[in-house]
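Reviewing the structure listed below.
The values are calculated or read from the model by the stated rules, or taken from the named source; none is laboratory data. This is a predicted model, so every value here is computed, not measured. All Cβ positions, glycine included, derive from the backbone under ideal geometry; neighbour counts span all protein chains shown. Surface accessibility is based on the protein's heavy atoms, side chains included, excluding ligands, DNA and RNA. Shrake-Rupley method; radii C 1.70, N 1.55, O 1.52, S 1.80 Å.
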Amino acid sequence: MSRGPRDAAANRDWGGDDSSAPILHVDMDAFFAAVELIDRPELRGRPVIVGGQHRGVVLSATYEARASGVHSAMPMAQARALCPQAVVIAPEHGRYREVSQAVMRILGEVTPVIEPLSIDEAFLDVSGARRRIGPPRLIAEQIRERIRSELEVVASVGIASTKFVAKLASSHAKPDGLLLIPHEASVSFLHSLPVGALWGVGERTQANLARLAIHTVADLAHTPPATLNRLLGNSAGQRLYDLAWGRDPRPVQPVRQEKSIGHEQTFATNLSGRAEMAAVLLDQAHRCAARLRAGDLVTAGVSIKVRFADFTTLTRSRGLEAPTDVAHELYQAARSLLAGVDIPPGGVRLLGVRCDALSDSATTVVQARLDDPGEERREAERAMDAVRARYGVNALTAGSLLSVPATANRSGDLN
Amino acid sequence: MKFRVERDVLADAVTWTARTLPSRPSVPVLAGVLLEANTDGTLVLSTFDYEVSARSSIAAEVDEPGSALVSGRLLAEISRALPNKPVEVSVDGSKVVVVCGASRFTLLTMPVEDYPSLPELPDTTGSISGDAFAQAISQVTIAAGRDETLPLLTGVRVEIEGDKVTLLATDRYRLAMREVSWTPASPSVNRVALIRARTLSDVAKNLSNAGTIDVALVENGDIVGFEAGGRRTTSLLVDGEYPPVRRLFPEQTTTHTVTSTGELVEAAKRVALVAERNTPIRLSFSEGQVVLEAGQGDDAQASEVLESTLVGEDISTAFNPQYLLDGLGALDTPFVRLSFTHASKPAVMTGQDSIDGADHAEEFRYLLMPIRFAS
């Protein structure tokens, strides 16, 4: 969910001319929470928070919970304190992906020019769909209606002439809304917003800008670019200046190549045993590998992220000998990276595995090994994918992940 | 200590003995070369870094026996640069004085008593022709691993059974195996050892021109020794259990092809020019020919057709160009036989003397794993 600064006054009628506003930003409202409500309609109207049960963070919250000040990425303990009456639900990522895919299918029927940004938002360029369906505003209304009636979740839509303004429009349309910013109103709309609404302006940049008394987008737009460049660096200064005047040349890019795939987990109690950590890495390696295979990708680099009790966070990475989509090989790399990390007495509160240097498996060549164990492992893991696809993610897992805490052989190795 | 020796003899001996000295030793004395002048008219030079030892013995006119420890690197450089005249070396207090013609050097000495004693050379296990050993070593070390994080694979597995020595090396992508005969000290000798590939390469380079090399390996020992022409070297063996790699060779193959070694090398080198890093050279064998190709899609591409005989089904496969060329380069026969079971399974490379020869040489076998697509 978007936490960018909003200005309620900006959610007004900016004009009805959508002839030069073909970019749609479709953003699901409180997506994970909304998906949970599909199966538990009795919770509708109550504050619901999706997130880790104990020490995790808020992943999603219904608007009833947000009314108490709960927002995403907030530590769960703080959220519970703010909204003690909230129902807390553990995330069920597979279900979210299913609904997300259904949403993307509906969007894909409107136009192939669709750029998914994450599981719950996407840009569409509907220029080519006008003739077939109608003007952008009508298309946006149809999309909202279909998502509501077919999937029982809610999407807000921003319509504008650029991606940037469309995204701002959807965030101001929430919840359950639609906001059209005609091309000629883009600049007035932008200039009505606080400077933090601009992409890339976080707390630090806001503080920097505040020293020059720049508090709104309008302030920034009327600051000489040279001044901004001195303050923020040449590229960032120019980029913000352009955005402040509604200049955003980036097109909607239908296929966004994933740059990395990762999984991480914060633990209810810190882990200090190497065997338990290895079990977590193995589980995460399996999740990463399944996603690689689902995307027909292979990875040539693995990194791990380790956060200690005192929040010190390390990442360690290494290249793989050969590109792979086999969990066992990801795990081997992750485990050897972890072996190089000194774990302080307090243990670790977060572990994560990430795969980068991704490439299409169909065009990537691999120098096979004479003792190549990969082939059989890959077959076995593909078979696991098939079983899980049919019977659910919990139908099958690596034997060493069955018991908690994980069993490990003498060397702390898991297979 | 005081002795005189020919400059060339000294330079050769010091250069060889000091060749493995570390530039930054863990203890200063390990950068030294130990000089020992004996009353029997020999000068013995020794180095040791707890892993590799080297000792060479040369004739010298010894006036006063004795010993001294000086920087090996410096002495090697000095002795190579001296004019071609007899060299006189003597100890003067805590210095070593080197005089040759009008040149005079004084070198600091290090305490001889701090120098570790060299490991004893075990009894000779057998001896082998320097040329044959050098060739066998060069054929297998191409396949040895260079990744120091996998020390086991940086070694060459040496198996001695009576009068047969088998050398095996693999980096997991290819496997080279060479059998060579030798003269064992006892006909029933049996030894297995894992010797660093670079130790063997050094033996091939520096000891093989002396005619015969004596090899010393104790059963279950931890060092190997080589001795030839007054020089001996020992090296710690690589520790660990070598994987059972012999069984990777297929028992039977279904298809084999025979091609001119030289033509295949030339063509592969040309075609490989467009094969970027990690991309393969593709070989398609059919009746009477092999097509070599590299490059794909929008990249530069190359192809070449060569005459080749095929026995069995047509087969297409792809190899890392360097691994293919390494194997071809190790062959000493005019023709190469490639034997296959399946395009995705390793191919066996052997040499043979004629294109239609039914018999092929099996002393050297090179197993090469193909490159495949990730999907």
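Here are some notes:
- Within straight-line cross-link reach of A:Lys259, lysines at Cα separation under 20 Å, skipping those fewer than 8 residues along the same chain: A:Lys305
- The packing ranking of peptides B:189-199, B:347-357, highest mean first, is B:189-199, B:347-357, where packing means the average number of other beta carbon atoms within 10 angstrom of each residue.
- The mean sequence distance of close C-alpha pairs (under 8 Å, at least 6 residues apart), as a share of the length of the stretch B:18-149, puts its relative contact order at 19 percent.
- B:Arg4 accessible area, assembled protein chains, probe 1.4 Å, Å²: 70 Å²
- Dividing the C-alpha radius of gyration of the stretch A:241-342 by 2.2 N^0.38 Å, with N its residue count, gives 1.37.
- Summed over both chains, the area buried between A and B is near 1700 Å², taken from the accessible surface of protein heavy atoms with a 1.4 Å probe.
- Solvent-accessible area of A:His222 with every protein chain in place, 1.4 Å probe, in Å² to the nearest 10: 130 Å²
- Of all the options B:Gly155, B:Gly221, B:Gly126, the one that moves most in a Gaussian network model of chain B with Cα springs shorter than 10 angstrom is B:Gly221.
- Largest accessible area first, the listed residues A:Ile304, A:Ile38 line up as A:Ile38, A:Ile304 when surface is computed with a 1.4 Å probe on the assembled protein chains.
- Rg/Rh, computed from the Cα trace of the stretch A:96-145 with Rh as the Kirkwood radius, has the value 0.96.
- Entry note, chain B: relative contact order of 12 percent, from Cα contacts under 8 Å with a spacing of 6+ residues.
- Unit Cα scatterers, Debye sum, chain A: log10 I(q)/I(0) for q = 0.08 Å⁻¹: -0.53
- Comparing A:Glu264, A:Glu109, A:Glu329 in a Gaussian network model of chain A, where Cα atoms under 10 Å apart are tied by springs, the biggest mean-square fluctuation is seen for A:Glu109.
- A:Ala9 paired with A:Ser317, simple spin-label distance in nm, labels 7 Å along Cα-to-beta-carbon: 4.5 nm
- Out of every Cα-Cα pair that the stretch B:1-137 contains, those further apart than 28 angstrom amount to 19 percent.
- For chain B, dividing the convex hull volume of the Cα atoms by the residue count gives 175 Å³ per residue.
- Dimensionless Rg/Rh of the stretch B:158-276 - Kirkwood Rh, Rg from C-alpha atoms: 1.05
- Linear extension gain, B:Asp8 paired with B:Arg277, 0.36 nm per residue minus alpha-carbon span: 92.3 nm
- Residue mean of other protein chain beta carbons inside 10 Å, B:366-374: 6
- Total charge dipole magnitude, the stretch A:308-394, about the Cα centre, Cβ charges on Lys, Arg, Asp, Glu only, Debye to nearest 20: 340 debye
- Result for chain B in a Gaussian network model with C-alpha springs under 10 Å: among B:Leu207, B:Leu150, B:Leu118, the largest mean-square fluctuation is at B:Leu150.
- Hydrodynamic radius (Kirkwood) for the stretch B:83-145, which is based on Cα pairs only, to one decimal in Å: 16.8 Å
- Proximal charge balance of B:Arg231 [Cβ under 13 Å; K/R count +1, D/E count -1]: 0
- Ordered by 1.4 Å accessible area with all protein chains kept, A:Arg204, A:Arg307, A:Arg148, A:Arg211 run largest first as A:Arg204, A:Arg211, A:Arg148, A:Arg307.
- Pairs of lysine residues in chain B - Cα separation under 27 Å, sequence separation of 8 or more or cross-chain: 6
- With N the number of residues in the protein assembly as shown, Rg(Cα) / (2.2 N^0.38 Å) evaluates to 1.31.
- Across the stretch B:101-113, coupling constants 3J(HN,Hα) worked out from phi with the 6.51/-1.76/1.60 Karplus curve, θ = phi - 60°, read x, 8, 8, 9, 10, 10, 10, 5, 10, 10, x, 4, 5 Hz, and Gly and Pro carry x.
- Straight-distance candidates among the lysines for linking to A:Lys174, with alpha-carbon spacing under 22 Å and chain neighbours fewer than 8 residues away dropped: A:Lys163.
- Accessible area (Å², 1.4 Å probe, nearest 10) - A:Trp14: 30 Å²
- In sequence order, calculated HN-Hα J values of the stretch A:56-62 (Karplus, 6.51, -1.76, 1.60; Hz; x Gly/Pro): x, 10, 6, 9, 6, 8, 5
- 3J(HN,Hα) from dihedral phi, the stretch B:195-211, Karplus parametrisation 6.51/-1.76/1.60, rounded to Hz, x for glycine, proline: 10, 4, 4, 6, 4, 5, 4, 5, 4, 4, 7, 9, 10, 6, 7, 8, x
- Packing-based ranking of A:125-132, A:188-195 yields A:188-195, A:125-132, ordered from highest to lowest mean Cβ neighbour count within 10 Å.
- Solvent exposure, largest accessible area first (probe 1.4 Å, DNA, RNA and ligands not counted), of B:Thr42, B:Thr233, B:Thr149: B:Thr149, B:Thr42, B:Thr233
- The protein assembly as shown - mean residue ellipticity at 222 nm from DSSP helices (-39,500 (n - 2.57) per run, n ≥ 4, rounded to 500): -8500 deg cm²/dmol
- Proximity of backbone amide H atoms, modeled 1.01 Å from N, is registered between B:Gly126 and B:Ala185, B:Val215 at under 5 Å, excluding neighbours fewer than 5 places apart on the same chain.
- Relative packing of B:321-332, A:57-68, which averages over residues the other C-beta atoms within 10 Å, highest first: A:57-68, B:321-332
- Calculated over the stretch B:304-366, the projected area of the Cα convex hull averaged across directions stands at 4.6 nm².
- Alpha-carbon centroid distance for the pair the stretch A:201-231 / the stretch A:101-131, whole angstrom: 34 Å
- With the convex hull of the Cα atoms taken as the outline of the stretch A:141-240, the averaged projected area works out to 7.1 nm².
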